[in-house]
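Asker: Quick one: the structure is below, and I'll ask about it shortly.
The values are calculated or read from the model by the stated rules, or taken from the named source; none is laboratory data. Since the model is a prediction, treat every value here as computed from it, not as a measurement. In this analysis, Cβ positions are derived from the backbone assuming ideal geometry, glycine residues included, and neighbour counts consider all displayed protein chains. With ligands, DNA and RNA removed, areas are computed over all heavy atoms of the protein, side chains included. Shrake-Rupley method; radii C 1.70, N 1.55, O 1.52, S 1.80 Å.
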Amino acid sequence: MNQIVKAKNLSYKINEKKLFQNISFDLNKGEAIHIQGENGSGKTTLLRIICGLTKPSKGDLDISTDAKITFLGHKNALKQYLTIEDNLSLLNLIHHPNLDQFLQKFGLDGCLDLNLASLSFGQQKKIALLRIFLNDSNLLIMDEPCVGLDNQTQNYLSNFINDELKLGKSVLFSSHIDLDINSDKLNLS
Amino acid sequence: MIKKFIHQFASPKTYMFQVNRAYPYIFYFSVIIYSLSVFWGLFLTPEDFVQGNSYRIIYLHVPASFISQSLYLAMAIASAVYLIWKVKLSVYLVRSIAPIGAITTFIALISGSIWGIPTWGTWWVWDARIVSTLILFIMYLGLISLHDSFNNFEKADKFLSILVIVGSVNIPIIKMSVEWWSTLHQPASITLSEKPAIDLVMLYPLFGSIIGFAGIVTCLVILSSKFQIFRREKNKSWVNDYV
Amino acid sequence: MNIFRFEFLKLSRKSRGWLGPILVFVLIMIAYPLTVEVSNLELGQSFFSVLWIATLLVMMLATEDIFLEDYNDGSLEQLSISDGNLSFVIAVKIFIYWMLIGIPISIIGFLFCIGITNSSQNSIYVLPIILVASYIFINVFSFGNALSLTKGSVLGTLVTLPLLLPLLIVLGKVIVAINFGLNYFGFLLLLLGILSIIIFIVPMIISYIIRAHLE
Amino acid sequence: MIMFNFAFNSFSEAILMESQNGQSHGIYVWSVLLIVFLCIFMTFFFYKNKIKKITKKFK
């Protein structure tokens, strides 16, 4: 099976108000889809539907059984009152062999026992991004991953994702900024 | 198949149509029955030897307290239907029964405590039935405020029906424990299993008033459910055609 | 096993989360004798109702943001996406709350019980009752707080407190049983029976509610 | 028939509802009646009004 997500005629409405209608797409292994649209067009909702958090009002969604999802949402799932080390251990990443390499790259290697609250927004985002960089899944879903990131990290992220695509992983993301990723575009009007 | 049948039968549109046809009949029938049997109870039945004339409050109090509990049962059934088959209409009904249930419980509480003044010499006692009715009243209010606090109706519907079902599990427990705790209230006047504890002369108007009150409450529920349906389905085309 | 460690880490590092409720409980226990200006004998008579109500209120306080924080920072959506069993995680979370708040409160309540009623024999009977009751309280209040997750804990309390009133009646009966040497173990078994049902059902209901919240 | 006998001798007696123990229970019975009827009427009025308001918006 090459196909990992197959969406057919997805529609979503909230309190009888339509958000988007009849969205269809296929996502194969090694492919990426960039979801675009204005504010309030339902990008986040679509991603949450694919994660299985929200149910579509209409339409069919097939996600292949061997798909393992890593999701990066607006919320970081990090605890402000814990140290970086504790946060990473909550994410089950503290023993990952590549962890040190990424921490060095982001300049966070010396401050593992600092409280998360003492980091800037962008630095916190980098910690959250570690979930993507150290993933063990084959379907990466990212909701606006570039918010608050510097150019260097953005480039690094897009290069990383291109490498992952070559390895046969699939990526779905929404972004206002054009990331340099080999992706199809999906427009929510 | 059952699901399809229920969805077709229980669409708000057919409900509205059927209910509108039945409403005047239920209304006039129940108003006549209720006023006749209340009149019968208040003037034509003989005086009670123990309680004197104050016992006549029974014709106003018992229907309200009986209906207030039955309404909760109805809500519980409707919420189960909603959670199992996702029938929208049944959750509209749950939401529209809740305020009516609160009002009937309020009537039962007030009439009961006024009745208590001549019979017990006090308007409130910490007694089993009274306390469990008070808890029921608070539960109705809690249900309403829970449903109204969510902007997303679908979420609100789910939470409302869960809470109704959890509460319905608890209602017999509340009754049991509270009765076990203390009791001063006279035992129920009418039970299904035993012979009625009151005289037949007094029983007929009581039955009449219960039936009449049930009809009036049904009319109130119909009105309130009409409002809920309009509120929830105002964007659907049939509502505009209907109006 | 990791889940136990994680939940413990999360709660134990947040001292206002567990120490706060315990201190409030101690303050209520200290405040009670101050409001009664009579001999120790009469203090003991209404001590137990204060004990139960204080336990109830403190558990209400303790579970105030049991799910809210995880909801706000997105941990709950990560949990719900991952393959892990959400209701098991919730059961563990509730257990950790009981371990860090319920157990200390039971012991403190027991000590105050000895001090105020001057009867260590009766107080020993009270200890297991508070332990079980506090666990039931935490479960039920978690249910209420899950329902009113984003809408504040007042609503959750309004919704769950009526459900707990029967339990308070049972607790009142237990004290009568202890004082008069009636069937104490029957009550303990009853409470344990309630607990064993609640322990399985409440996490399942809560996980359903939380999935609905995340939608 | 005992079932339909008027329980009181006069109209004013029916208002007072004086019982055999000498107390007059009329005030209790009538206030309950008033409250019940008021509650029912007000609820009817309330919902009729609400429906009227919401249907006005459709047109």
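Asker: My understanding is that a pair violates if its Cα-Cα distance is over 31 Å; which of A:Lys169/B:Lys88; A:Lys105/A:Lys169; A:Lys169/B:Lys4; A:Lys6/B:Lys234 do that in this structure?
Answerer: Details: A:Lys169/B:Lys88 41 Å; A:Lys105/A:Lys169 23 Å; A:Lys169/B:Lys4 41 Å; A:Lys6/B:Lys234 34 Å.
Beyond 31 Å between Cα atoms: A:Lys169/B:Lys88; A:Lys169/B:Lys4; A:Lys6/B:Lys234.
Asker: Counting only the heavy atoms of the protein chains, how much of B:Met176 is accessible to a 1.4 Å probe, in Å² to the nearest 10?
Answerer: The accessible area of B:Met176 comes to roughly 130 Å².
Asker: For chain B, what is the calculated [θ] at 222 nm in deg cm²/dmol (nearest 500), taking -39500 (n - 2.57) for each run of four or more DSSP H residues and dividing by its residue count? Spell out each step's value before the answer.
Answerer: On the way: 8 runs with 186 residues, N = 243.
That calculation yields -27000 deg cm²/dmol at 222 nm.
Asker: Order the following by accessible area, largest value first: B:Asp157, A:Asp180, C:Asp83, A:Asp62. Probe radius 1.4 Å; ligands, DNA and RNA are ignored.
Answerer: On the way: B:Asp157 0, A:Asp180 115, C:Asp83 135, A:Asp62 95 Å².
Of B:Asp157, A:Asp180, C:Asp83, A:Asp62, the descending order of accessible area is C:Asp83, A:Asp180, A:Asp62, B:Asp157.
Asker: 5 Å is the cut-off here: which amide hydrogens, built 1.01 Å from N in the peptide plane, fall below it relative to C:Thr63, excluding neighbours closer than 5 in sequence?
Answerer: For C:Thr63, no residues qualify.
Asker: Then there's this: Tell me the per residue accessible area of the stretch C:2-214 using a 1.4 Å probe; a whole number in Å² is fine.
Answerer: Values: 8800 Å² over 213 residues.
Accessible area per residue, the stretch C:2-214: 41 Å².
Asker: With point charges of +1 on the Cβ of Lys and Arg and -1 on the Cβ of Asp and Glu, referenced to the Cα centre of the protein assembly as shown, which listed residue (C:Tyr135, C:Leu190, C:Ala91) lies farthest in the positive direction of the dipole?
Answerer: After comparing all options, I get C:Ala91.
Asker: Among DSSP beta bridges lying fully in the protein assembly as shown, give the percent that are antiparallel, nearest 5. Walk me through the numbers on the way to the answer.
Answerer: Details: 16 of 34 bridges.
Given both bridge residues lie in the protein assembly as shown, the antiparallel proportion sits at roughly 45 percent.
Asker: Roll a 1.4 Å probe over the protein chains and send me the accessible area per residue for the stretch B:92-139 in Å².
Answerer: On the way: 1530 Å² over 48 residues.
Accessible area per residue, the stretch B:92-139: 32 Å².
Asker: Oh, and also: Add -39500 (n - 2.57) for each DSSP H run of 4 or more in chain A, then divide by its residues: what number comes out at 222 nm, to the nearest 500 deg cm²/dmol? Don't skip to the end; give the middle numbers.
Answerer: On the way: 5 runs with 52 residues, N = 189.
Mean residue ellipticity, 222 nm, calculated: -8000 deg cm²/dmol.
Asker: Still on this structure, please answer the following. With contacts defined as alpha carbon pairs under 8 Å and 6 or more residues apart, what's the relative contact order of chain C in percent? If you can, show how the numbers build up before the last one.
Answerer: Values: 193 pairs, mean separation 55.5, N = 215.
26 percent.
Asker: About the Cα centre of the stretch B:22-242, what is the dipole size in debye to 20, counting +1 per Lys and Arg Cβ and -1 per Asp and Glu Cβ, all else neutral?
Answerer: Values: 14 positive and 11 negative charges, 169 e Å.
Dipole size: approximately 820 debye.
Asker: From the protein chains alone at 1.4 Å, what is the descending order of accessible area for C:Phe6, B:Phe39, largest first?
Answerer: On the way: C:Phe6 25, B:Phe39 100 Å².
From most accessible down to least: B:Phe39, C:Phe6.
Asker: Probe radius 1.4 Å, ligands and nucleic acids ignored: give me the carbon and sulfur share of the accessible area of the stretch A:74-136 as a rounded percent.
Answerer: On the way: 1340 of 2870 Å².
Carbon and sulfur together cover 47 percent of it.
Asker: Go through the stretch C:1-37 and flag every residue whose accessible area shrinks by 30 Å² or more with all protein chains in place compared to the isolated chain (probe 1.4 Å).
Answerer: C:Phe6, C:Leu9, C:Lys10, C:Arg13
Asker: Taking each residue of D:8-17 in turn, how many C-beta atoms of other protein chains fall within 10 Å of its C-beta, and what is the average? It would help to have the intermediate numbers written out before the result.
Answerer: On the way: counts 5, 0, 0, 0, 0, 1, 3, 0, 1, 7.
Shielding by partners across D:8-17 averages 2.
Asker: Can you give the convex hull volume per residue for the Cα atoms of chain C, as a whole number of Å³?
Answerer: Details: hull volume 25.2 nm³, N = 215.
Convex hull of Cα atoms, per residue: 117 Å³.
Asker: Any chance you could list the semi-axes, whole Å, largest first, of the equivalent ellipsoid that the Cα gyration tensor gives for the protein assembly as shown, using √(5λ)?
Answerer: Working: eigenvalues 630, 278, 62 Å².
Whole-Å semi-axes of the equivalent ellipsoid: 56, 37, 18.
Asker: Within chain B, which whole H helices from DSSP have a Cα span along their axis of at least 18 Å and a mean Kyte-Doolittle hydropathy of -1.0 or more, if any? It would help to have the intermediate numbers written out before the result.
Answerer: Numbers: long enough: B:12-39 (38 Å, 0.59); B:58-85 (40 Å, 1.39); B:88-120 (47 Å, 1.16); B:128-148 (30 Å, 1.55); B:153-181 (39 Å, 0.84); B:200-232 (47 Å, 1.45).
TM-like helix candidates: B:12-39, B:58-85, B:88-120, B:128-148, B:153-181, B:200-232.
Asker: Further question on the same structure: Based only on Cα atoms, what Rg/Rh ratio does the stretch B:22-242 have, Rh being taken as Kirkwood's radius? All intermediate terms of the calculation are to be shown ahead of the outcome.
Answerer: Numbers: Rg = 19.1 Å, Rh = 18.9 Å.
Taking Rg over the Kirkwood Rh, I get 1.01.
Asker: Give, rounded to the nearest 20 debye, the magnitude of the charge dipole that the protein assembly as shown has about its Cα centre when Lys and Arg contribute +1 at Cβ and Asp and Glu contribute -1 at Cβ.
Answerer: Details: 54 positive and 45 negative charges, 458 e Å.
So the dipole magnitude of the protein assembly as shown works out to roughly 2200 debye.
Asker: Report in % the part of the accessible area of the stretch C:2-214 that belongs to carbon and sulfur, leaving out ligands and nucleic acids; probe 1.4 Å. Let's see the in-between values first.
Answerer: On the way: 6200 of 8800 Å².
That share works out to 70 percent.
Asker: Separate question: Tell me, how many Å apart are the Cα centres for the stretch B:116-150 and for the stretch D:18-57?
Answerer: 18
Asker: Quick one: what are the phi-derived ³J(HN,Hα) couplings along the stretch A:91-106, Karplus 6.51/-1.76/1.60 with θ = phi - 60°, whole Hz, x for glycine and proline?
Answerer: For the stretch A:91-106, the Karplus-derived couplings read 7, 6, 10, 5, 9, 5, x, 8, 4, 4, 4, 6, 4, 5, 4, 8 Hz, x marking Gly and Pro.
Asker: Accessible area per residue for the stretch A:74-136 in Å², computed with a 1.4 Å probe and the full protein assembly in place, what is it?
Answerer: Values: 2870 Å² over 63 residues.
Spelled out: the 1.4 Å probe surface of the stretch A:74-136, per residue, equals 46 Å².
Asker: Which distance in nm do the two modelled labels at B:Asn240 and C:Ile30 give, with both placed 7 Å along the Cα-to-Cβ direction?
Answerer: Result for the modelled spin labels: 6.7 nm.
Asker: Specify the angular offset, from 0 to 90 degrees and rounded to the nearest 10, of the alpha carbon long axis of helix C:40-62 from the longest principal axis of the alpha carbons in chain C.
Answerer: 0
Asker: Related question: With every protein chain left in place and a probe of 1.4 Å, what is the accessible surface of A:Lys13, to the nearest 10 Å²?
Answerer: My reading of the accessible area for A:Lys13 is about 80 Å².
Asker: Let me know the mean shielding of B:210-219 by other chains, meaning the per-residue number of their Cβ atoms within 10 Å of its Cβ. Walk me through the numbers on the way to the answer.
Answerer: Values: counts 0, 0, 0, 2, 0, 0, 3, 2, 0, 4.
For this peptide, the per-residue mean of nearby foreign Cβ atoms is 1.
Asker: Expressed as a whole percentage, what fraction of the accessible surface of chain B belongs to carbon and sulfur atoms when a 1.4 Å probe is rolled over the protein heavy atoms? Present the calculation step by step, with values, prior to reporting the outcome.
Answerer: Numbers: 7690 of 10970 Å².
The value for chain B is 70 percent carbon and sulfur by accessible area.
Asker: Quick one: how many Å² of C:Phe112 are accessible to a 1.4 Å probe, rounded to 10?
Answerer: Roll a 1.4 Å probe over it and C:Phe112 shows about 50 Å².
Asker: Right, another one. Lys/Arg Cβ at +1, Asp/Glu Cβ at -1, dipole of chain B taken about the Cα centre: which of B:Leu83, B:Thr133, B:Ser111 is farthest positive-ward?
Answerer: Working it through, the farthest residue towards the positive pole turns out to be B:Leu83.
Asker: Moving on to the next point. Given a 1.4 Å probe and no ligands, DNA or RNA in the count, how much accessible surface is buried by A and C, both sides, to the nearest 100 Å²? Write down the numbers at each step before the final one.
Answerer: Values: alone 10040 and 11030 Å², together 19210 Å².
Heavy-atom accessible area buried at this interface is about 1900 Å².
Asker: Can you pull out the buried accessible area for chains B and D, both sides counted, probe 1.4 Å, rounded to the nearest 100 Å²? Intermediate values should be presented prior to the final figure.
Answerer: Details: alone 13990 and 6110 Å², together 16460 Å².
Approximately 3600 Å², summed over both chains.
Asker: What ³J(HN,Hα) values, in whole Hz, does the Karplus curve 6.51 cos²θ - 1.76 cosθ + 1.60 give for the stretch A:117-132 when θ = phi - 60°, with x put for Gly and Pro?
Answerer: Result, rounded to whole Hz: 4, 7, 8, 7, 4, x, 5, 5, 4, 5, 4, 5, 5, 4, 4, 6.
Asker: Divide by every residue of chain C the summed helix terms, -39500 (n - 2.57) for each DSSP H run of at least 4, and state the resulting mean residue ellipticity at 222 nm, rounded to the nearest 500 deg cm²/dmol. Don't jump to the answer; show the numbers that get you there.
Answerer: Values: 10 runs with 181 residues, N = 215.
Roughly -28500 deg cm²/dmol at 222 nm, from the helical runs in chain C.
Asker: Per-residue mean of other chain beta-carbon atoms within 10 angstrom of the beta-carbon, peptide A:16-22?
Answerer: On the way: counts 6, 1, 1, 0, 0, 0, 0.
Whole-number average of other-chain Cβ neighbours for A:16-22 is 1.
Asker: Estimate for me the total accessible surface buried between chains C and B (protein heavy atoms, probe 1.4 Å, no ligands or nucleic acids), in Å² to the nearest 100. If you can, show how the numbers build up before the last one.
Answerer: Details: alone 11030 and 13990 Å², together 22900 Å².
For chain C against chain B, roughly 2100 Å² becomes buried.
Asker: Relative to the longest principal axis of the C-alpha atoms of chain C, give the angle of the C-alpha long axis of helix C:2-12, reported between 0 and 90° and rounded to the nearest 10°.
Answerer: Rounded to the nearest ten degrees, it is 60.
Asker: Using only Cα atoms and rounding to the nearest 10 degrees, what angle (0 to 90) does helix C:184-214 make with the longest principal axis of chain C?
Answerer: Its long axis makes an angle of about 30 degrees.
Asker: Moving to a separate point now. Under the Karplus relation 6.51 cos²θ - 1.76 cosθ + 1.60, θ = phi - 60°, what is the ordered set of whole-Hz ³J(HN,Hα) values for the stretch C:104-121, x standing for Gly and Pro?
Answerer: Once rounded to whole Hz, the list reads x, 5, 4, 5, 5, x, 4, 5, 5, 4, 4, x, 8, 8, 6, 9, 5, 5.
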